Structure formats: C-alpha cells, structure tokens
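*Asks:* Before we start, here is the structure in question, set down as structure tokens.
Laboratory data are not the source of any read-out in this text; all were calculated from the coordinates shown. On a predicted model such as this, the values are computed, not experimentally measured, just so you know. Heads up, the Cβs are rebuilt from the backbone with ideal geometry, glycines too, and the neighbour counts pull from every protein chain shown.
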Amino acid sequence: MTFLLAGARVVDPSSGEDAVRDVAILEGRLVDPAQLSDDAPRVDAAGLVVAPGFCDLHTHLREPGGEGAETIASGARAAVRGGFTTVCAMPNTSPPLDDPDLLADLASRAAGAAARVRFIGAVTRGRAGEALTDVAALAGAGAVAFSDDGAAVPDALLEAALGAAMASDRPLFEHAEDPALAAGALMRAGPTALRLGLTGWPPAAELACVERDLAAAEATGARLHLTHLSTGAALDAVRAARRRGVRVTCDVTPHHLALTDAWVSGDRAWSWEEPGDVDGALAYDGRCRVNPPLPARDDALALLAGLADGTIDAIATDHAPHPPERTLVPFDAAAPGLIGLETALSIGLAAVAAGRVPLPVLLAALSVRPAAIIGEQRSLAVGSRADLVAFDPVATWTVMPETLASRSSNTPLLGRTLPGVVRLTIADGRVTWNDGILAPRA
Ligand code: DOR
C-alpha cells in the first residue's frame with residue numbers, strides 16, 4: 001500500500017494544518033513524498049479533502065441479536081463508506097454487552113472488519129438498572145467506555161457507576177433523559193406535536209438529567225460524556241459546568257443538528273433553512289422517530305452554534321439500524337432511531353456550505369476530538385500510521401437503499417441528494433474503502 005495523493009487539501013485538526021499538499025503513503029505509513037520511488041502510483045487528488053479518519057462514539061451494530069438489521073461486518077463497511085475508521089459499538093444488543101467473555105468474543109469477530117470496532121460496556125447487568133456490571137473486568141477486556149444507552153443510569157447507581165468508570169480511567173457515556181418526564185413521549189413537545197396529536201417530550205427531560213449528571217461528575221471527579229444532546233439548555237449547562245472545572249465532554253448527532261421536529265409533519269427543510277412546504281404524504285413517517293426526538297428549530301440552531309464555538313466535542317451518529325417492519329409502521333409503533341454512518345459527513349458538509357460551521361471545526365468534531373475521548377490518536381503528520389479519509393466535498397450522491405453499505409435503510413433522507421462523496425478510507429494503514437480512485441493493487 002504505497003502511493004501519492006497529489007495536491008489534496010489537507011485538513012489536520014491535530015496540528016491546525018489546512019493546506020494544499022501531497023500526501024505520501026509508504027506501506028501504510030505517512031512519509032515525506034521524497035521517500036516514494038518515482039514509479040509509485042500517483043493519484044490526482046486536486047479538489048479532494050484529506051482529513052484524519054473519523055471516530056464515531058455512538059454506533060449500534062446490532063450484533064449479537066439483531067443481525068437482520070446490521071452486523072459488525074456490515075456496520076464497519078457502512079462506517080468506512082462514511083469516512084469512519086473507528087466505531088464505538090453501544091451495548092444495547094441481545095444479550096447486552098455486560099460480560100467480559102462476550103466482549104472478547106465480539107472483539108475477535110471484529111478483527112479484520114473494515115473499520116476498527118471498539119466496544120462500550122453496559123453500566124448495569126442486563127441494562128436492567130439494578131446492579132452494576134464488573135466495570136473493571138469489562139475495561140480489562142477492552143471496553144473503552146461505559147453506558148446504558150437507551151436509558152440514563154438510575155439515581156441510586158450513578159455515583160457508584162461514575163466511580164467505577166473513573167477507577168478504570170474510562171468515561172461514562174450518558175443517555176441523559178429523565179424517565180418520568182419523558183414517559184410516553186413520541187416526539188419533541190411543541191406546536192407541531194400538538195397539531196399532530198402526538199405526546200410531547202419536554203426539553204426538561206434532558207436538562208434535569210444533565211444537571212443531575214453534572215452534579216454527580218463534580219462530586220466524584222469522574223469523566224462524564226453526554227451523548228446525543230438535543231437542546232440548547234443542556235449545552236448551556238455543559239458550558240457552566242466546564243467553568244466550574246467539571247470533566248465533561250459531549251456529542252451531538254447529525255440529525256439533531258440538521259433536522260427538526262417539523263420533519264415529523266412532513267417538512268423537509270434543513271434546520272438552517274426557513275421551514276419549507278409541508279408534504280402531508282410524508283407526515284407521521286416512522287423514520288423520523290428517534291430518542292431524543294428531533295429538536296425544535298431553535299435548539300438545532302443552538303446546537304450548530306455550540307458545534308461552531310467548540311462547546312460540542314464530537315459529532316456522533318447514533319447509527320440505529322432497524323428493519324422495515326419496525327420503521328414503516330404507524331408512528332407510535334415505530335422503533336426509534338435512524339441510520340447515520342453514511343450520511344454524517346454529507347449532513348455536516350451541507351451545514352458547512354450554509355455557513356453554519358467552518359470545515360476544519362466539522363472535521364475536528366468527526367475525527368481528532370472524539371478519538372481523544374476514547375484515547376485514540378489521529379494525525380496526518382509524516383511518520384504517523386495512515387488513518388485517513390479523502391472525500392470530494394462538492395460531488396453529490398443520492399441516498400438509496402441499494403447503494404448503502406448498511407443492512408438497513410431507515411432514514412428520512414432516502415431519495416435526497418447530498419453533498420460529499422468519500423473516495424478513499426484508510427483505516428490503520430489498510431485501504432478499506434476505495435471509490436475507484438486507486439488502481440486495485442496500489
Ligand atoms: O433512537 C434511539 N435508538 N435512541 C436510543 O437511545 C437507542 C437507539 C437504538 O438502539 O435504536
């Protein structure tokens with residue numbers, strides 16, 4: 001694996017570099033272009049952006065127990081198609097990932113997958129919220145973080161969970177949702193929910209839990225990571241906690257940045273656009289049901305501002321594959337969640353094109369910053385192992401089930417034409433996605 005990417009725009013958030021230059025790869029390592037022999041394959045990369053490989057902190061791979069929707073192998077293929085070289089698999093599988101032997105088994109199944117697959121251990125046994133898992137043993141088996149994603153850690157166990165994660169030098173990834181305040185909710189509370197007659201999810205359901213979590217992180221000194229934040233109020237709480245020295249990081253999904261609760265009524269305008277015409281035929285689409293729910297427009301704009309100003313550390317997909325029989329059903333029966341690995345970059349680039357976030361900030365939130373949260377390095381400096389994505393930021397593609405690498409296609413973006421095509425992904429020195437820009441045995 002030796003070749004030259006000539007004349008790419010290299011954006012490396014680890015060094016602040018943003019420059020047009022050649023990128024030379026010699027046997028899986030980044031080297032000075034002068035080190036390549038004259039007959040090394042040369043790829044014209046003019047117009048392409050090269051960035052460190054992306055790291056998704058929040059992926060549902062559905063193996064074991066939900067292989068009809070996704071497997072480790074298919075999810076990893078979807079990852080590299082989207083530029084991700086690392087995915088962190090959430091533990092809400094069947095059975096849940098609460099046991100070190102299961103983790104070791106899954107890790108061996110993931111060896112050789114197209115992307116590095118990291119595992120997040122469950123906080124409570126069976127994700128039942130009653131007793132803690134053996135956090136130290138799970139960390140010893142390779143868990144990079146702990147989470148009961150799908151639900152918040154119950155009050156009675158929160159400080160003990162944070163303490164155990166801290167003792168293993170791992171963050172706790174919290175799905176911040178107060179179960180009482182969110183009970184029965186189907187979509188974000190507000191005028192659209194009222195008009196559609198769907199039970200609303202109040203933003204206080206997130207804020208109450210975030211404030212509880214921040215207080216516990218402050219009391220214990222543990223590392224708290226708040227995943228899929230969906231309200232501006234929660235971000236303000238993070239900002240205030242950071243000023244007090246709380247060790248907190250956070251991520252937001254592409255769909256909470258760019259989609260809004262109006263999508264449930266059939267609107268398809270991005271959050272930064274004026275609400276568009278409502279297409280009644282698209283109303284109550286089960287593929288718009290997600291937890292936390294699609295935000296009010298003001299909250300989506302607050303999240304975009306929090307991304308642009310650096311408050312948000314990471315964009316995480318919450319890639320949540322489900323089979324058609326669980327999403328193409330009445331809204332109140334639909335399984336929450338949508339796929340995201342193959343559309344995340346494109347949604348981010350649409351926000352960049354709209355002037356909502358600078359490209360280097362977007363790429364930092366997809367690569368270097370999430371990687372650091374799980375202790376991985378990313379760099380495009382000479383001497384580093386090649387782990388990168390090369391994409392065309394202006395070429396477009398249309399989201400279609402038959403061309404997605406994911407086994408599932410549950411997304412309201414089906415049929416939409418998006419900017420940004422990933423041409424090449426190199427994960428840990430291996431070419432794992434090549435959209436025809438490299439000759440077969442480069
Ligand atoms: O929408 C969601 N889907 N939110 C979650 O927290 C879990 C996820 C899933 O596993 O499908």
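*Asks:* Quick check on my filter: what residues within segment 299-352 are among the acidic types (Asp, Glu), touching a residue at least 12 places away in the same chain (Cβ under 8 Å) and not in a helix (DSSP H, G or I)?
*Replies:* Listed by number, the residues that qualify are 313, 318, 342.
Conditions (1) among the charged types (D, E, K, R); (2) more than 16 Å from the ligand (Cβ to nearest atom); (3) surrounded by fewer than 16 Cβ atoms within 10 Å (Cβ to Cβ), marked per residue:
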{"site": "135", "(1), (2), (3)": "no, yes, no"}
{"site": "141", "(1), (2), (3)": "no, yes, no"}
{"site": "150", "(1), (2), (3)": "no, no, no"}
{"site": "153", "(1), (2), (3)": "no, no, no"}
{"site": "156", "(1), (2), (3)": "no, yes, yes"}
{"site": "165", "(1), (2), (3)": "no, yes, no"}
{"site": "177", "(1), (2), (3)": "yes, no, no"}
{"site": "197", "(1), (2), (3)": "no, yes, yes"}
{"site": "208", "(1), (2), (3)": "no, yes, no"}
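*Asks:* Only residues that are touching a residue at least 24 places away in the same chain (Cβ under 8 Å), surrounded by fewer than 22 Cβ atoms within 10 Å (Cβ to Cβ) and either among the aromatic types (Phe, Trp, Tyr) or within 14 Å of residue 45 (Cα to Cα) (or both): list them for segment 424-438, please.
*Replies:* 437, 438
*Asks:* Quick check on my filter: what residues within segment 331-345 are in contact with a helix residue (DSSP H, G or I) (Cβ under 7 Å, 6 or more places away or on another chain) and either aromatic (Phe, Trp, Tyr) or farther than 17 Å from residue 115 by Cα (or both)?
*Replies:* 331, 334, 335, 338, listed by residue number.
*Asks:* Pick from segment 314-335 the residues that are more than 23 Å from residue 376 (Cβ to Cβ) and away from the ligand (no atom under 15 Å from the Cβ): which of them is surrounded by the fewest Cβ atoms within 10 Å (Cβ to Cβ)?
*Replies:* This residue is 330.
*Asks:* Failed condition for residue 173, given (1) within 16 Å of the ligand (Cβ to nearest atom); (2) without any contact (Cβ under 8 Å) to a residue 60 or more places away in the chain, with all others met?
*Replies:* Answer for residue 173: the failing condition is (2).
*Asks:* Report whether or not residue 300 is in contact with a helix residue (DSSP H, G or I) (Cβ under 7 Å, 6 or more places away or on another chain) and away from the ligand (no atom under 16 Å from the Cβ).
*Replies:* So residue 300 passes the test.
*Asks:* Let me ask something additional. Looking at segment 387-400, which of the residues that are surrounded by 14 or more Cβ atoms within 10 Å (Cβ to Cβ) and over 18 Å from residue 56 (Cα atoms) is farthest from the chain's Cα centre (by Cα)?
*Replies:* Within segment 387-400, the match that is farthest from the chain's Cα centre (by Cα) is 395.
*Asks:* Suppose the filter is touching a helix residue (DSSP H, G or I) at 6+ places or on another chain (Cβ under 8 Å), in contact (Cβ under 8 Å) with a residue 24 or more places away in the chain and of a type in the set (Ser, Thr, Tyr); does residue 411 pass it?
*Replies:* Considered against the rule, which asks whether it is touching a helix residue (DSSP H, G or I) at 6+ places or on another chain (Cβ under 8 Å), in contact (Cβ under 8 Å) with a residue 24 or more places away in the chain and of a type in the set (Ser, Thr, Tyr), residue 411 comes out as yes.
*Asks:* Take the residues in segment 276-292 that are buried (at least 16 other Cβ atoms within 10 Å of the Cβ) and not in a loop (DSSP other than H, G, I, E, B), then tell me which one is farthest from the ligand (Cβ to nearest atom).
*Replies:* Among residues in segment 276-292 that are buried (at least 16 other Cβ atoms within 10 Å of the Cβ) and not in a loop (DSSP other than H, G, I, E, B), the one farthest from the ligand (Cβ to nearest atom) is 282.
*Asks:* Out of (1) away from the ligand (no atom under 15 Å from the Cβ); (2) touching a helix residue (DSSP H, G or I) at 6+ places or on another chain (Cβ under 7 Å); (3) more than 24 Å from residue 323 (Cα to Cα), what's the single condition that is false for residue 273?
*Replies:* Among (1) away from the ligand (no atom under 15 Å from the Cβ); (2) touching a helix residue (DSSP H, G or I) at 6+ places or on another chain (Cβ under 7 Å); (3) more than 24 Å from residue 323 (Cα to Cα), the lone unmet condition for residue 273 is (2).
Residues are listed down the side, and each one gets a yes or a no for (1) among the basic types (Lys, Arg); (2) buried (at least 22 other Cβ atoms within 10 Å of the Cβ); (3) farther than 30 Å from residue 252 by Cα:
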{"residue": "1", "(1), (2), (3)": "no, no, yes"}
{"residue": "21", "(1), (2), (3)": "yes, no, yes"}
{"residue": "24", "(1), (2), (3)": "no, yes, yes"}
{"residue": "40", "(1), (2), (3)": "no, no, yes"}
{"residue": "47", "(1), (2), (3)": "no, no, no"}
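*Asks:* State yes or no: is residue 360 more than 15 Å from the ligand (Cβ to nearest atom), surrounded by fewer than 19 Cβ atoms within 10 Å (Cβ to Cβ), assigned to a loop (DSSP other than H, G, I, E, B) and on the phi < 0 side of the Ramachandran plot?
*Replies:* Spelling it out, it is not the case that residue 360 is more than 15 Å from the ligand (Cβ to nearest atom), surrounded by fewer than 19 Cβ atoms within 10 Å (Cβ to Cβ), assigned to a loop (DSSP other than H, G, I, E, B) and on the phi < 0 side of the Ramachandran plot.
*Asks:* So the check is Cβ under 9 Å with 6+ separation or different chains; which pairs have a first residue in segment 147-161 that's free of Cβ contacts under 8 Å to residues at least 12 places away in the same chain and a second one that's in a loop (DSSP other than H, G, I, E, B) and within 16 Å of the ligand (Cβ to nearest atom)?
*Replies:* Filtered contacts from segment 147-161: 156/129.
*Asks:* Quick one: which residue in 62, 9 is at positive phi, surrounded by 18 or more Cβ atoms within 10 Å (Cβ to Cβ) and in contact (Cβ under 8 Å) with a residue 12 or more places away in the chain?
*Replies:* 62
*Asks:* Do you know which residues across segment 31-48 are over 19 Å from residue 383 (Cβ atoms), among the charged types (D, E, K, R) and not in a strand (DSSP E or B)?
*Replies:* Result: 38, 39.
*Asks:* Out of 413, 338, 345, report the one residue that is away from the ligand (no atom under 16 Å from the Cβ) and aliphatic (A, V, I, L, M).
*Replies:* Criteria check complete, one pass: 345.
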